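The block underneath contains the structure these notes are about, expressed in structure tokens.
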Amino acid sequence: MKTSSFKIDGRVCTAETGLNLIEAAKQNGVFIPTLCHFKHLDPLGTCRVCTVKLNSRDVAGCTVRVADGMEIEVNTPELLDTRKAIIEMMFVEGNHFCPSCEKSGDCPMQNLGYETGIKFTRFPHLFIDRITDARPERIVVNQNRCIKCKRCIEEVKTFDGYNIFYSINKGNKTMVSIDYEQEAKLSELQAAHAMHICPTGAILVKGKSFSKPFGDRKFDAIIEEKTMSLNPVKKHRTTTKKKIVATTSLAGCFGCHMSMLDVDLGILDLFEVIEFNKSPITDIKNFSKHCDIGLIEGGCCNTHNIEVLREFRKNCDILVSVGECAIWGGLPAMRNTFPLEACLKESYLDSMTSEENETIIPNHEDIPKILNKVYANHEIVKIDHHIPGCPPDSSHIWNVVKNILFQEEYSIAYPKYKYD
Amino acid sequence: MNRTGLLNKLWEFQNKFGYISENAIAQIAQKLNVSKIEIEGVVSFYHFFHRRPTGKYIIYLNNSIISEFKGFQQIKAAFEKETGCTFGCYDENPLFSLFETSCIGLSDQEPAALINFFPFTNLTAEKVKTIIQQLKNGNSLRFISSNPTSKIQYLPPEDKTIFYRKYEMGITLKKLKNHTPDEILNLISAANLEGRGGAFFPTAKKWKSSKDSVSTKKYIICNADEGEPGTFKDKSLLNNLSGLVIEGMIIAAYISGATTGFIYLRAEYLHLLEKIENTLREFQVNNLLGNDILGIPKFNFNIQIQIGAGAYVCGEESALIESLEGKRGEARIKKYFPTEYGYLGYSTIVNNVETFAMAARIIELGTHFISTIGTKESKGTKVLSICGDVAKPGIYEIEWGMTMKEILHLCQATSPHFIQISGPSGICINETEFDRKICKEDLICGGSIMVFNNFRSITKILENYTAFFKEESCGVCTPCRAGNQILHEKIKKIKKGICTIEDLAEIKEWGKIIKLTSRCGLGQFSANTLVMALDKFEGYFNQKIIKTNENLNVEFDMEAAVYNYDSLIKDTQPPNP
């Protein structure tokens, strides 16, 4: 066996000549994240998450075979951000509703979101209507979650060698489609294999995912000591006075507020240093003081939400989006892939409980108008910080608040940082 | 039937039935021993293949930016009015189907359309009416179609013209008899020939690599998939000098030892097929193709034509090879050069039409002649296709080193403002750069110059480009597939007038990410012009951006956001008693 000596981020490494860079780096203790790379599969080079610099040129790491004298950069700030950006692109291209996904907690893509510290995406969510195909015999293919990595195309074949999955269309309409005839030939084991190699929850085996949690949430098992780093946050000016907090729930479910209360008796300690103003917790309806921090749960789905959010911006020094709905729309944004008309008609005119020949969609001047789509809060006003989670863990929320208001050190245990 | 014959087989079905049915797919899949979805994947990749029945006449109207500025919308409306059909819809009319398509290589005669691949140029609403009437009357397409030939507007002085000079079949090839492949290769090398498709890779280096390859079979591919919007120089070369191009391929075969050549001709250029086939036949008759060419023992070489099926990305060499193999035209990962691992895994030379033509002229005219023309780094002349807001659109053969100003003068551009060099994936220049020279040292150009005057909306230009890339990405890698969609959203924002200075900064940043991480040239260059334009036309964009409030946010437009709701409520109110 011939070995090569090469450099990763300036450190001399050695590995078998011609070994895939992802593997070679791993042997040398360097982790290069990737979603399409999979064991023996000839490099697919589709997801581009593993982008590294080879002799100062950008390449997909999985397509590199190590050789003597290579200079490889992996963890420069620029590359870290590039990789994060690509994962963000995946999040906005598909419709990744982690809280309602069967694979949540067991999903390599979601885990890379945690690893790279994505709190919100820099890109706007595209909200394209995609199908969930339940016609196959054994599996369900959910196009909302597919990242077109092609693992399944290359890896899952029938015993006589036929493809079950294949890409169809091109450009932004590209998707991985399924051959029903061939799929019917899959064994139970093969179907399970397809589900497990999928780096998202796009392929699920019928009857498996709901009967019991099919994954043992392997990404939860990561040691408690590992903590998440916090991106720089705007700090609040220091004063000796009690800080004033306001909270509200817009298009949310109050789950985030429940989570705030999960601090239990800790809330008594909090009351030593903060007081609540406008908040469902105090039931104060209107701002009576200018507040130091505002915590917003939920996004904006109607005109009232927008008005409340604007009021919060006016009355709070620092505004924090709490939870998935506030950050990018979350579950209420599931309607963003359909026209508003279709949603309202489905709810009020064509639903199972609506009267026959019903023509009126309930409306009144006192009822807020529904917006054409659910907006993320940062699309409406400036948001200073985002706390992901559905809901975020209580300790996560208060840690951030204390960090912003009192410059207390921020640390959140890795398993507490979640999108679900 | 072989997998490599898949595209031809699909064309057979498409031409015979107007679409490729479920049945046809099943039949082909069975013959090739693959699953149906695999065939469907190939069919759906190419936009000239249809999965649902089409009318007797399929009309493809070009939606490139040049067409858009020359009246695309009116022509589109005229077609819809006259045929009673809607663009992009199936099952409407047994006679007509209407589709939009990207550039069809007729940018000097826009608006233009292909009807069953017969060209119709310089369309007006009036003309459309006549054409549709004629078709309804059963007139033959062949007689009513337009002449797609591009006018050759400018040639250098005779002693400096390289391409468009007299061509006599075979005189170049005779020289092969007295020279070894090495000697011929040295001539190409001495003339510094570089790939004219736009990548400018040294041709001699490529050919040598194939020559040195131990591959048991070798191939030569002529890339005539000229899909870059605004480009039609290869069309002109194939139309006027198809023999010269073929000779170039034969020279390459002589050097590398290849026995089979392909001309990958885009379907948009089907009107050239007959001409090229005739030329090939003449070559065969004269023993310039076939076995023991020119009496040189064991010099066997044949050329086949492969018709593309509508996919811009197939102009990328590895995607082209995939397509030729009967697969989806997805770019390969850059592990090997095609000369190492090409068509079916064999060493393959892929070159642009113009490169082969130039190679033939080098052998004919000698390197000394070539080296006296052009600049230090770029030798010889360059064929340009010029279109847009110019009085004389068409083909220009220029000596390398000509300034932009001279070119604009030659083509009689009227108040030129935004010039696109090498198509949407190339670069744009503004008025301050008109002294720049077209050559490797300064402004490299693949062969297209689009001139836009002062009155053209830059946003519209960029929107057209981005929409094009969004649709033509092969869809394999994330940054190109998702990134171009995301950029398209940004441009929509500019159009709506809700774009902030932050948005512009983001376009630059995001464009850079797409460039660095994409798998092939398409993604790497797709955001180029957009990012560049933001700097080069800063004044324009500064006027486009909207003021923000103290929190850097644009005031949310509540009225627009409830418009849908309001109109729906209005429509569903009970009628007033």
Somewhere in segment B:164-181, is a residue touching a residue at least 24 places away in the same chain (Cβ under 8 Å), assigned by TED's automatic domain parsing to the domain that holds B:Gln284 and within 25 Å of the chain's Cα centre (by Cα)? yes
Can you name the residue in segment B:454-478 that is more than 19 Å from B:Gly227 (Cβ to Cβ), touching a strand residue (DSSP E or B) at 6+ places or on another chain (Cβ under 9 Å) and of a type outside the set (A, V, I, L, M, F, W, C) and, of all such residues, is nearest to the other protein chains (Cβ to nearest Cβ)? B:Arg456
Test B:Gly511 against the criterion of being under 34 Å from the mean Cα position of the chain (by Cα), surrounded by 14 or more Cβ atoms within 10 Å (Cβ to Cβ), within 28 Å of B:Asn453 (Cα to Cα) and in contact (Cβ under 8 Å) with a residue 24 or more places away in the chain, and give yes or no. yes
Helices (runs of 4 or more DSSP H) wholly inside segment B:1-92 containing at least 1 residues that are in contact (Cβ under 8 Å) with a residue 24 or more places away in the chain and more than 25 Å from A:Tyr162 (Cα to Cα): B:6-17, B:65-69, B:72-83
Identify the residue in segment A:278-307 that is touching a Ser or Thr at 6+ places or on another chain (Cβ under 8 Å) and of a type in the set (A, V, I, L, M, F, W, C) and, among all such residues, is surrounded by the most Cβ atoms within 10 Å (Cβ to Cβ). A:Ile296
For residues in segment A:230-262 being modelled with pLDDT under 90 and among the aliphatic types (A, V, I, L, M), which is farthest from A:Lys382 (Cα to Cα)? A:Leu230
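Assess whether A:Thr76 counts as being more than 8 Å from chain B (Cβ to nearest Cβ), over 30 Å from A:Leu189 (Cα atoms) and more than 22 Å from the chain's Cα centre (by Cα).
It is true that A:Thr76 is more than 8 Å from chain B (Cβ to nearest Cβ), over 30 Å from A:Leu189 (Cα atoms) and more than 22 Å from the chain's Cα centre (by Cα).
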Residue under question is B:Gly388, and the condition is that it be in the same structural domain as B:Ile444 (by TED's automatic domain parsing), of a type outside the set (A, V, I, L, M, F, W, C) and over 30 Å from A:Asp58 (Cα atoms); does it hold? yes
Neighbours by Cβ (under 6 Å, 6+ apart or cross-chain): first from segment B:314-329, free of Cβ contacts under 8 Å to residues at least 60 places away in the same chain; second of a type in the set (Asp, Glu): B:Glu322/B:Glu330
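For every residue, the table says whether it meets (1) assigned to a strand (DSSP E or B); (2) touching a residue at least 12 places away in the same chain (Cβ under 8 Å); (3) within 12 Å of another protein chain (Cβ to nearest Cβ); (4) under 25 Å from A:Met258 (Cα atoms).
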position: A:Ile306; (1), (2), (3), (4): no, yes, yes, yes
position: A:Leu309; (1), (2), (3), (4): no, yes, yes, yes
position: A:Ile318; (1), (2), (3), (4): yes, yes, yes, yes
position: A:Ala342; (1), (2), (3), (4): no, no, yes, no
position: A:Tyr348; (1), (2), (3), (4): no, yes, yes, no
position: A:Val374; (1), (2), (3), (4): yes, yes, yes, yes
Mind telling me which of the residues A:Ala25, A:Ala15 ends up being under 27 Å from the mean Cα position of the chain (by Cα) and either surrounded by 14 or more Cβ atoms within 10 Å (Cβ to Cβ) or modelled with pLDDT of 90 or more (or both)? A:Ala25
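Conditions tested, residue by residue: (1) farther than 28 Å from A:Leu126 by Cα; (2) touching a residue at least 40 places away in the same chain (Cβ under 8 Å); (3) in a helix (DSSP H, G or I).
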{"site": "B:Gln420", "(1), (2), (3)": "yes, yes, no"}
{"site": "B:Pro424", "(1), (2), (3)": "no, yes, no"}
{"site": "B:Val451", "(1), (2), (3)": "yes, yes, no"}
{"site": "B:Glu463", "(1), (2), (3)": "no, no, yes"}
{"site": "B:Phe469", "(1), (2), (3)": "no, yes, yes"}
{"site": "B:Cys474", "(1), (2), (3)": "no, yes, no"}
{"site": "B:Lys490", "(1), (2), (3)": "no, no, yes"}
{"site": "B:Lys495", "(1), (2), (3)": "no, no, yes"}
Restricted to segment A:54-63, and to residues that are in a strand (DSSP E or B) and more than 9 Å from every other protein chain (Cβ to nearest Cβ), which residue is nearest to A:Leu21 (Cα to Cα)? A:Leu54
Selection status of B:Lys127, free of Cβ contacts under 8 Å to residues at least 12 places away in the same chain, not assigned by TED's automatic domain parsing to the domain that holds B:Lys470 and not β-branched (Val, Ile, Thr): yes
Go through (1) more than 10 Å from chain A (Cβ to nearest Cβ); (2) in a helix (DSSP H, G or I) for B:Ile486 and report which single condition fails. (1)
Could you list, in sequence order, the residues of segment A:79-108 that are at the interface with chain B (Cβ under 10 Å from one of its Cβ atoms) and assigned to a loop (DSSP other than H, G, I, E, B)? A:Gly94
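The values are calculated or read from the model by the stated rules, or taken from the named source; none is laboratory data. Keep in mind that this is a model prediction, so the values were computed, not measured. We place every Cβ from the backbone using ideal geometry, glycine too, and count neighbours over all the protein chains shown.
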